[in-house]
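Any read-out appearing in this document is the output of simple, stated calculations on the displayed coordinates, not a laboratory observation. From a predicted model like this one, the values you see are computed outputs, not experimental measurements. Positions of Cβ are generated from backbone atoms using ideal geometry, with glycine treated the same way; all protein chains shown enter the neighbour counts.
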Protein chains: 2
Amino acid sequence: MGPGPINADPRVLRAMSAQLVGQYDPSMTAYMAETQELYRGVFRTRNDATLLVDGTSRAGIEAALVSLITPGDRVLVPVFGRFGHLLVEIAERCGAEVHTIETDWGTVFRPEQIEEAIVRVQPKLLAVVHGDTSTTVAQPLDELGAICRANGVLFYTDVTATIGGNEFEADEWGLDAVTGGLQKCLGGPSGSAPITLSAKAVEVISARKSIEAGIREPGETSRPDRIRSNYFDLAQILDYWGPRRLNHHTEATTMLYGSRECARILLEEGVDAAVARHRLHGTAMLEGLRALGLSIFGDQEHRMTNVVGVAIPDGVNGDAVRGELLSDYGIEIGTSFGPLHGKIWRVGTMGYNARKDAVLVTLASLEQVLRRAGAPVTGGAGAAAAYDVYDSESAV
Amino acid sequence: MGPGPINADPRVLRAMSAQLVGQYDPSMTAYMAETQELYRGVFRTRNDATLLVDGTSRAGIEAALVSLITPGDRVLVPVFGRFGHLLVEIAERCGAEVHTIETDWGTVFRPEQIEEAIVRVQPKLLAVVHGDTSTTVAQPLDELGAICRANGVLFYTDVTATIGGNEFEADEWGLDAVTGGLQKCLGGPSGSAPITLSAKAVEVISARKSIEAGIREPGETSRPDRIRSNYFDLAQILDYWGPRRLNHHTEATTMLYGSRECARILLEEGVDAAVARHRLHGTAMLEGLRALGLSIFGDQEHRMTNVVGVAIPDGVNGDAVRGELLSDYGIEIGTSFGPLHGKIWRVGTMGYNARKDAVLVTLASLEQVLRRAGAPVTGGAGAAAAYDVYDSESAV
């Protein structure tokens with residue numbers, strides 16, 4: 001019950017135990033095409049260029065940035081938590097001239113603040129995290145696409161922490177590049193990064209295409225401004241996933257099976273229903289934690305549905321409580337990074353764990369551990385508050 | 001029965017269906033430590049820096065090269081097939097000044113040829129593929145470590161295609177960096193890249209360490225010569241796998257389970273026994289194919305145990321034969337790249353598929369398909385030749 005990774009859906013685990021097939025077996029290429037279509041539904045996009053990067057969600061981020069950024073390009077990153085810093089870090093290593101605006105952890109930016117910075121910096125790319133699990137809040141993105149378009153700026157976001165559990169609309173919000181991961185609301189393991197690219201992003205990337213020696217046709221050559229990474233070269237990866245099926249890496253078959261099953265489960269439930277489920281159980285957890293006497297962290301108007309931050313009570317050893325909860329109750333909750341380290345715990349309700357029993361067991365167990373740690377708790381208040389949320393929902 | 005990926009061992013598939021645990025759960029960090037120790041046995045090394053890169057084997061190659069190469073460094077790549085070209089490609093994108101020597105596909109270099117080039121080029125790094133599946137031959141590496149050491153050159157190889165099925169000794173042969181993959185003789189899926197680094201390689205990499213903003217301690221800063229990739233920054237990845245457990249990516253738990261099981265299976269059998277098994281079944285396949293009237297490709301003195309190349313007979317449509325074998329018999333064999341495209345098929349016997357029944361079924365089926373394609377075949381000759389190999393083995 002931490003900020004992710006979390007327990008995988010048993011269906012995903014079963015899918016990943018399926019036998020492998022050859023990488024150009026028609027059934028494998030059919031799985032690939034099917035997975036692309038499924039993720040169009042997940043991201044809410046019609047982008048043809050929708051595929052998987054073989055690596056963790058951080059691999060998806062780096063693939064997007066290294067493929068879009070030519071060294072010297074200006075990139076604007078609004079930083080509101082740890083993963084904003086990560087975008088800065090990766091963009092810098094791609095050779096970008098990175099400009100940042102920052103806000104306190106637990107808050108987000110107003111669109112006008114980002115617009116002002118865009119006008120001032122004139123970046124090629126705006127790179128912003130959607131939900132930053134380190135702070136439990138999500139940056140509203142719905143107005144940023146129009147601002148980017150008006151200023152000729154490419155618009156990229158990472159939705160690893162939010163996708164499938166929070167509202168997200170790639171096309172309607174005007175995104176040019178979106179990266180995700182399986183290990184949060186999608187209920188899968190880390191290790192595969194779904195990505196989607198707009199036609200404009202594909203144009204930018206394809207202009208730098210350089211096919212590697214060894215599989216080049218006569219007349220094809222290398223380019224001086226080629227993408228700095230081979231593994232993350234989305235121009236080549238698009239050719240591998242596209243009709244040309246030009247060999248690049250060997251697709252990670254088991255992770256493909258897992259990614260496919262994550263998307264199938266989500267789309268069977270329906271994206272809207274899954275978001276509502278995350279909101280319900282997230283609210284039940286939040287109200288339960290509050291009723292246990294814990295203060296909620298961060299701007300609640302912009303909170304993520306799937307993770308909540310709570311202040312560690314005075315006099316309580318945060319790591320000792322987490323340790324006891326894990327060793328004696330088998331439940332993991334999260335620590336924090338940077339300015340929040342030692343100050344808040346993060347409790348998740350996402351993917352397969354966005355369930356009533358998972359919420360109630362966590363609240364019941366945490367109550368015991370808090371009491372033993374000397375924190376003032378009212379017996380039963382956590383579960384009661386969660387029940388109130390569930391009862392009011394069923395009354396609607 | 002292609003050049004890989006191949007069928008996974010059912011034990012590996014079962015291991016990958018296990019439920020996830022949190023990334024800092026003591027059982028997870030214990031699995032990580034256990035996996036490191038297992039791969040020391042696989043690579044035959046005492047290197048402390050033995051771990052997994054989360055991505056396909058190509059990700060392991062790029063992690064090694066981008067972490068070892070500072071832009072402007074001279075790198076020498078002896079190219080004897082497609083994957084030599086890949087090393088060139090990746091090293092160039094890392095900003096290296098790449099020098100190559102080339103030999104015909106199907107042949108390897110004599111140590112003196114490589115030594116001559118090292119003396120002439122004075123590279124920082126020698127990067128050479130061990131077995132290049134594109135050509136079915138393996139470069140002997142056992143004399144190169146001493147040459148590198150005498151010339152102050154770092155020695156890197158990729159053993160994706162050979163490890164677990166061909167003799168390999170990381171420490172005895174003087175390797176500084178070795179990368180692999182699961183999808184060949186280790187009998188797992190693509191998607192995890194075991195890697196090992198000598199103390200000297202770790203020193204080179206750690207000198208460039210730059211901890212990312214967002215998780216830095218006060219006083220830690222970024223470096224101007226930092227590694228060009230964040231995802232493949234082995235200095236940071238070593239901190240994640242090491243006692244500091246500094247957060248980097250979220251380890252791909254399911255792939256870790258798979259990697260661990262691949263190594264457990266190999267070490268239970270014993271590396272030497274596994275190599276002997278690959279040699280036995282590879283020889284049976286080779287003699288069977290030859291007896292079916294097919295000419296064997298490449299320098300047989302340096303052939304890989306686990307893949308054999310055979311000339312497509314005159315007048316036979318290579319892709320049609322492969323297609324019929326796959327659709328009617330459920331058996332995949334491989335096509336070829338570059339100068340060998342359309343000229344040879346590649347037939348593998350590796351990992352879980354290095355078995356007598358897999359060899360005999362493949363020979364029996366291929367005989368039928370070849371006959372229908374109009375190639376001259378002697379009925380039963382393939383299976384008979386394979387039986388002869390098995391009988392002579394059991395007579396020893």
*Toward the positive end of the charge dipole of the range A:1-160, about the Cα centre and with charges on Cβ (Lys, Arg +1; Asp, Glu -1), which of A:10, A:126, A:153 goes farthest?*
A:10
*asked:* Please report the antiparallel percentage of DSSP beta bridges with both residues in the range B:10-267, rounded to the nearest 5.
replied: 35
*In nm to one decimal, list the spacings between the residue B:206 label point and its equivalents in the other copies, with label points set 7 Å along Cα to Cβ, shortest first.*
4.7
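Counting alpha carbon pairs within less than 8 Å and at least 6 residues apart, what relative contact order, in whole percent, applies to chain B? Write out the running numbers ahead of the final one.
Values: 803 pairs, mean separation 86.6, N = 396.
Relative contact order here is 22 percent.
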*Considering amide H positions built from the backbone, and no H for Pro or chain starts, which residues 5 or more places from residue A:154, or on another chain, come under 5 Å of its amide H?*
A:125, A:126
*asked:* Whole-Hz ³J(HN,Hα) for each residue in the range B:327-340, computed from phi via Karplus 6.51 cos²θ - 1.76 cosθ + 1.60 with θ = phi - 60°, x for glycine and proline: what do you get?
replied: 6, 9, 10, x, 10, 9, 10, x, 8, 9, 10, x, x, 9
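Could you tell me which of rounded, prolate or oblate describes the range B:44-170, using a ≥ b ≥ c as the square roots of the eigenvalues of the alpha-carbon gyration tensor, with rounded for a/c under 1.5 and, failing that, prolate when a/b is larger than b/c and oblate otherwise?
Taking the square roots of the gyration eigenvalues as a ≥ b ≥ c, the range B:44-170 is rounded.
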_In sequence order, calculated HN-Hα J values of the range B:375-389 (Karplus, 6.51, -1.76, 1.60; Hz; x Gly/Pro)_ = 7, x, 10, 9, x, x, 5, x, 4, 4, 5, 5, 4, 4, 4
*Under the Karplus relation 6.51 cos²θ - 1.76 cosθ + 1.60, θ = phi - 60°, what is the ordered set of whole-Hz ³J(HN,Hα) values for the range A:137-143, x standing for Gly and Pro?*
10, 10, 6, x, 10, 5, 9
_Number of Lys pairs (Cα under 26 Å; 8 or more positions apart or on different chains) in the protein assembly as shown_ = 10
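Where does the protein assembly as shown land on Rg(C-alpha)/(2.2 N^0.38 Å)?
Numbers: Rg = 26.9 Å, N = 792, 2.2 N^0.38 = 27.8 Å.
My calculation over the Cα atoms of the protein assembly as shown gives 0.97.
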_At R0 = 56 Å, how high is the FRET efficiency between residue A:290 and residue B:119 if r is their beta carbon distance? Nearest 0.05 is fine._
0.20
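Rounded to the nearest 5, what is the percent of antiparallel bridges among the DSSP beta bridges in the protein assembly as shown?
Numbers: 36 of 70 bridges.
Antiparallel: roughly 50 percent of the beta bridges in the protein assembly as shown.
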*asked:* Between 0 and 90 degrees, rounded to the nearest ten: what's the tilt of helix B:82-93 against the longest Cα principal axis of chain B?
replied: 20
*Which far-off residues, 5 or more places away or on another chain, put their amide H under 5 Å from the one on residue B:49, with H placed in the peptide plane?*
B:197
*Can you give the net charge of the other residues whose Cβ lies under 14 Å from the Cβ of residue B:294, counting K and R as +1 and D and E as -1?*
+2
_Checking the a/c ratio against 1.5 first, then a/b against b/c, what shape does the Cα gyration tensor give for chain A?_
prolate
*Average projected area [Cα convex hull, the range A:287-361], square nanometres*: 5.5
_Amide H contacts under 5 Å for residue B:100, placed H, 5+ residues apart_ = B:77
*What is the range B:172-212 by shape, rounded, prolate or oblate, if you read a ≥ b ≥ c off the alpha carbon gyration tensor as root eigenvalues and call it rounded for a/c under 1.5, prolate for a/b larger than b/c, and oblate otherwise?*
oblate
